[in-house]
Amino acid sequence: MTLMVLVLSRYVPAQDYWLDFEQLEDSLRANPKPVFLYFQTDWCSYCRKMEAEVFTKEIISTELSEHYYAVKFDAEYPEDVLFDGKRFSNRNLKKSRTPFHDIALLFSGEQKAFAPPLIILLDERFFIRKKINSYLDSKSLYTLLSSHR
């Protein structure tokens, strides 16, 4: 049994590179590097596909963990988020069928057209370098990540 777990662990890379926004803020202060933001929802089939088929690839997990701070955020998260000295809320929680969180709307830049998955690459000073609002397969995501470090 132990041997099987060891063998399987080689083929299932850990996804412990994900941070939340508060951890991101602390990490950027201590050691600036590029940032990968991934906004998803529970009902988004392309998000589920990326999580099952793309983020599990060793080449992607290695690229993200070595060269980026990676944040995965549920765009419908119901709780407040503290980031950059500000409190962000989900003010749409009781008003909308798609209650997107204010921090997701802020980064999307489009109050009414937000659609997951949303990927944003930022440089170490937190300036947007690339914004993609669609599914990316592992080859496309790796190309994007490696060209924007």
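The values are calculated or read from the model by the stated rules, or taken from the named source; none is laboratory data. None of the values given here were measured: they were computed from a predicted structure. FYI the Cβ positions are ideal-geometry reconstructions off the backbone, even for glycines, and counts take in every protein chain you see.
Have a look at Ser140, Ser147, Ser89 and point out the one that is among the small types (Gly, Ala, Ser) and either touching a residue at least 60 places away in the same chain (Cβ under 8 Å) or within 21 Å of Glu22 (Cα to Cα) (or both).
Ser89
Among the numbered criteria (1) out of contact with any His (no Cβ under 6 Å at 6 or more places or on another chain); (2) at pLDDT 95 or above; (3) not β-branched (Val, Ile, Thr), which one does His148 miss?
(2)
Hey, could you check the range 76-86 for residues that are within 23 Å of Glu124 (Cα to Cα) and touching a residue at least 12 places away in the same chain (Cβ under 8 Å) and say which is surrounded by the most Cβ atoms within 10 Å (Cβ to Cβ)?
Val81
Pick from Ser45, Ser9: which is surrounded by fewer than 18 Cβ atoms within 10 Å (Cβ to Cβ), at pLDDT 95 or above and over 21 Å from Leu145 (Cα atoms)?
Result: Ser45 is the single residue among Ser45, Ser9 that is surrounded by fewer than 18 Cβ atoms within 10 Å (Cβ to Cβ), at pLDDT 95 or above and over 21 Å from Leu145 (Cα atoms).
Taking into account only those residues within the range 48-101 that are of a type in the set (Ser, Thr, Tyr) and modelled with pLDDT under 90, which is nearest to Pro34 (Cα to Cα)?
Per the criteria, the residue is Thr98.
Six or more apart or on different chains, Cβ atoms under 8 Å: show the pairs whose first residue is in the range 19-42 and surrounded by 13 or more Cβ atoms within 10 Å (Cβ to Cβ) and whose second is assigned to a strand (DSSP E or B) and hydroxyl-bearing (Ser, Thr, Tyr).
Close Cβ pairs (under 8 Å, with a partner that is assigned to a strand (DSSP E or B) and hydroxyl-bearing (Ser, Thr, Tyr)) amount to Leu19/Tyr69; Leu24/Tyr69; Ser27/Tyr69; Leu28/Tyr69; Lys33/Tyr69; Pro34/Tyr69; Val35/Tyr69; Phe36/Tyr69.
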